[in-house]
Structure formats: C-alpha cells, structure tokens
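What follows is a short report on a single structure.
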Amino acid sequence: MDSVASSEFDMESDDEDDILKEIRTDSEFLAFVSRLQKAHDQMVSDERAQRATKKRKAMYLGNSDRSKRRWKAEGKKTETVGFPSVTKYFQKQLDKGNSVRTAGIPTEVSIS
C-alpha cells in the first residue's frame, strides 16, 4: 500500500516540477506575463462592452431616489418615536457649545 501511495506522490511531484521548469529565463517570464496581461485586457474590454448594452449600472452607489425616500421616511419614523434627527442633534450641540464658550469662559485670562 505504501509503495502505491509513494509512487502517486512521485508522479504528482514530477508534474509539478515540469510546470515549474517551464519558465527558466526572464524573457520567458516576460512573455508569459504579457500574454496574461493581454488576456486580462481583452476580458475587461469584453466586460465593458457587455455592460454598455445593459440599462443597469454595474455598481450601486446608494444614492438612488428610492433609497433617499426610504432614508427620509426612516428618519421621520425615528423622530416621531422621540429621537432627534442627526442634523438637528449636531446643530444643537454646536449652538450649546458656542453659548457656553462665550458665556462661561472668558476669552482672556490674567495670571497674577
């Protein structure tokens, strides 16, 4: 049993060695890389041509009219429950910060 398993392993390793031995020089490597690059460029151009014929965009950016309406409705629901809207919350914080700064803390401090 062990001899069968070891011979299969030897066959696999020989195949892997042949694959690794195919590219020996830099010029062979560069030729291989250029073939891969051409294949990739062809694939990308085919994909772009295919997308150009479709009505839908390839990527959803999250700013469709329907999404904006849904977010606005969700914001109104949370306001009715009692949570302030984000814009009003931060606006109030800024207003409070400015009033506290001008009323409670003097702009100049004298050290005696």
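In segment 59-73, what count of residues is obtained for those that are closer than 18 Å to Thr87 by Cα and of a type in the set (A, V, I, L, M)?
Of all residues in segment 59-73, those closer than 18 Å to Thr87 by Cα come to 68-73.
Adding the requirement that they be of a type in the set (A, V, I, L, M) leaves 73.
Number of matching residues: 1.
Among the residues of segment 48-71, how many are within 30 Å of Lys88 (Cβ to Cβ) and surrounded by fewer than 10 Cβ atoms within 10 Å (Cβ to Cβ)? Walk me through how you get there before you give the answer.
Restricting attention to segment 48-71, the residues satisfying the condition of being within 30 Å of Lys88 (Cβ to Cβ) are 60-71.
Add one more test, that the residue is surrounded by fewer than 10 Cβ atoms within 10 Å (Cβ to Cβ), and what stays is 60-63, 65-66.
Qualifying residue count, segment 48-71: 6.
Of all residues in segment 72-83, which are over 31 Å from the mean Cα position of the chain (by Cα) and open to solvent by less than 100 Å² (accessible area, probe 1.4 Å)?
Glu79, Gly82
So how many residues does segment 25-40 have that are surrounded by 10 or more Cβ atoms within 10 Å (Cβ to Cβ) and among the polar types (S, T, N, Q)?
The qualifying residues number 2.
The values are calculated or read from the model by the stated rules, or taken from the named source; none is laboratory data. None of the values given here were measured: they were computed from a predicted structure. No Cβ is skipped: glycine too gets one built from the backbone with ideal geometry, and neighbour counts run over all protein chains shown. Each accessible area value is taken on the protein alone, full model and side chains, heavy atoms only, with ligands, DNA and RNA left out. Shrake-Rupley method; radii C 1.70, N 1.55, O 1.52, S 1.80 Å.
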